[in-house]
Amino acid sequence: MGPLLLGLVLPRMALDAPPRRGLDLCLGLLCAVLLPGLGGAWLARFMMRDRFMGSDLGEYCGIVANFGQPPPEGAQRSELAAAVPGLLAQHVGVIDGLAWGALLSAGAAGLGLYLWGRAVAGPVAGVLSVLFALSWEPTVAMTRTLSLYPELAGGFTLAGGLVATALRDRGALPSALAGAGAALCFVVDLRGLMWGLPLLGLALLIAAFAPAGPWRLARVAARLAVVLALMWGSYRLGERVYAEKSVSLERLTLHHGRLSEMHIDADQLITSRYVWGHTDVREIPETLSVLARGTPFMRRAVGGKNHEALSIEQRALWVTPWLPLWAGAALMSLAGLTLGADRRWRALALLGVGLPFALALEGAVTIQFSFARQLALGFALPALCLGVGFVSLQALAGRLPIPRLPIPARVAPVLPGLGAVLVAVGLVLGGLPSWLGPNAPWRSPMGGSDARVDELVTATHDAAAGRTPTMWLDERGWACVNALVIEERAGGDVGGRLWR
């Protein structure tokens, strides 16, 4: 009812406001603070039982502890994704390095989401998208997750925002930034192929649409050359951030155990090996073919009764209750594309950039048991639909031929946006009683990983005292414990100080 009432009493909301780089920079930086600030510092207190979320903590702790060393054979993660927590860990400790890395990555996600919403329906839609993202538990949990998933979500969302911005402001600089966004996806994670390919296609399309005038073909050629040069640089960087014998995307995605459950021979199915920077790019079509053939088997393999029950439980908590709201918001977002100018490019910004995020959400639900960390990779799309849908409904209501409140002309242009933001803040923070509030009775606080942190702390104490830790540790786990022992002997808090 909020956007409808605002549209009926306030001046009409504009969805096609031209880009204003100064305003967009200020609002983008505000949103980069808003997402980790409100999510990590405030809303997590309502939506989480523990300080931290995470899985495979020993592995990620070991990756961060070993940052700067050559990635080992069989590595599954990009060294670039570990760069922020790895550098921070040298100053604040490993656990706090992961925690601060999650916050900074959430900031990148907030900036990217603002840029995306702004490209589709104006600056108010960008701010609302970030606010509504904070009403979903997986987004809030992302700000406190001790793994590299926040870095992946931040990188992919920022890349999407850069490409969406270039679709609206098709200048030379936005075109180059779109190419940089697409190139970033490939080196953040091997799964970035699914984001990088569609975003690269859009970046090339943007480069090809240089304004008419003298030397247009030369400008198009220069823009295309910049995008291709960025992709070449990304490929060369891939040689450094991925080990030559890293686990391939195919092996990472098509789990051997679940294929065996379906009586599928993984070695026969997987006929390609994709590792960016080490694989010939001409083999990418074969990789896509293998993934297309194997994904249906992964959807049908439940991974055992325990995983099936867990999937049903988590889907009931974080997906099923939201589907009607998301569907309605998506329909309103599409309706909003009929208003204003630049409709085709705005539609591309919504649908083209949204495609990989939609696929990520679908895979998280149907293949990855609806784990919060997997859902967070696609969090930006439902948040965007909520923000764009809100302003679209407000704008559609504003077109009705009814009398409006008498408002001075000096403040009339800012009132629709200000009213929308205030209503959204009230809904998300609980000031206005609603289904979206953090204290809504239907919500159940998420479990956390503080027990895993405590296990690592105990293992560190044991190792420092010369005892064998009771916790099972692989090579990465021992690297983590050894780093924590050094921290402890230096007087550091090996369990992390953040959020205590």
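The values are calculated or read from the model by the stated rules, or taken from the named source; none is laboratory data. Only a predicted model underlies this, so the values are computations on that prediction, with no experimental measurement involved. Positions of Cβ are generated from backbone atoms using ideal geometry, with glycine treated the same way; all protein chains shown enter the neighbour counts.
Which one of F67, F132, F52 is of a type in the set (F, W, Y), crowded, with 24+ Cβ neighbours inside 10 Å and over 17 Å from the mean Cα position of the chain (by Cα)? Spell out how you get there, then give the answer.
On the way: F67 fails: crowded, with 24+ Cβ neighbours inside 10 Å; F132 fails: over 17 Å from the mean Cα position of the chain (by Cα).
Result of the check over F67, F132, F52: F52.
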Worksheet item: Does F132 satisfy the criteria of being farther than 30 Å from T287 by Cα, in the same structural domain as A17 (by TED's automatic domain parsing) and not β-branched (V, I, T)?
Response: yes
Fill in: Flag if L200 is of a type outside the set (S, T, N, Q) and without any contact (Cβ under 8 Å) to a residue 60 or more places away in the chain
yes
Practice prompt. Would you mention how many residues in region 238-274 are within 14 Å of F186 (Cα to Cα) and surrounded by fewer than 18 Cβ atoms within 10 Å (Cβ to Cβ)?
Written response: 2
Worksheet item: Right, F156: surrounded by 24 or more Cβ atoms within 10 Å (Cβ to Cβ) and under 17 Å from P356 (Cβ atoms) or not?
Response: yes
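A quick yes/no check of all residues on (1) surrounded by fewer than 23 Cβ atoms within 10 Å (Cβ to Cβ); (2) touching a Gly at 6+ places or on another chain (Cβ under 8 Å); (3) assigned by TED's automatic domain parsing to the domain that holds G352; (4) closer than 24 Å to R77 by Cβ:
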| residue | (1), (2), (3), (4) |
| --- | --- |
| R170 | yes, no, yes, no |
| S175 | no, no, yes, no |
| A180 | yes, no, yes, yes |
| G192 | no, yes, yes, yes |
| L205 | yes, no, yes, no |
| V220 | yes, no, yes, no |
| L224 | yes, no, yes, no |
Worksheet item: Taking region 452-473, which residues are in contact with an Asp or Glu (Cβ under 8 Å, 6 or more places away or on another chain) and either at positive phi or in a helix (DSSP H, G or I) (or both)?
Response: T460, H461, A464
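May I ask you to verify whether R299 is in contact with a Ser or Thr (Cβ under 7 Å, 6 or more places away or on another chain), under 19 Å from R191 (Cα atoms), modelled with pLDDT under 85 and not assigned by TED's automatic domain parsing to the domain that holds L193? Even if it seems obvious, please write down each step before you answer.
Numbers: in contact with a Ser or Thr (Cβ under 7 Å, 6 or more places away or on another chain): yes; under 19 Å from R191 (Cα atoms): yes; modelled with pLDDT under 85: yes; not assigned by TED's automatic domain parsing to the domain that holds L193: yes.
Criteria met by R299.
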Discussion item. Just to verify a result, which residue in region 368-410, among those that are modelled with pLDDT under 85 and β-branched (V, I, T), is nearest to A292 (Cα to Cα)?
Written reply: I402
Worksheet item: Looking only at residues in region 313-362 that are among the acidic types (D, E) and part of a helix (DSSP H, G or I), which one is nearest to the chain's Cα centre (by Cα)?
Response: E362
Fill in: Every pair of residues 6+ apart whose Cβ atoms lie under 6 Å, when the first sits in region 368-388 and is more than 19 Å from L190 (Cα to Cα) while the second is surrounded by fewer than 24 Cβ atoms within 10 Å (Cβ to Cβ) and at pLDDT below 90
F369/H307; F369/L310; F369/S311; S370/S311; S370/Q314; S370/R315
Item to complete: Give the number of residues within region 474-494 that are part of a loop (DSSP other than H, G, I, E, B) and either buried (at least 20 other Cβ atoms within 10 Å of the Cβ) or touching a Leu at 6+ places or on another chain (Cβ under 6 Å) (or both).
Response: 1
Worksheet item: From the residues in region 115-129 that are within 10 Å of A164 (Cα to Cα) and of a type outside the set (D, E, K, R), which one is surrounded by the fewest Cβ atoms within 10 Å (Cβ to Cβ)?
Response: L115
Item to complete: For residues that are small (G, A, S) and surrounded by fewer than 16 Cβ atoms within 10 Å (Cβ to Cβ), scanning just region 322-339, find the one that is farthest from W435 (Cα to Cα).
Response: A335
Worksheet item: So which of L418, L422 is more than 27 Å from Q76 (Cβ to Cβ), out of contact with any helix residue (DSSP H, G or I) (no Cβ under 7 Å at 6 or more places or on another chain) and at pLDDT below 90?
Response: L418
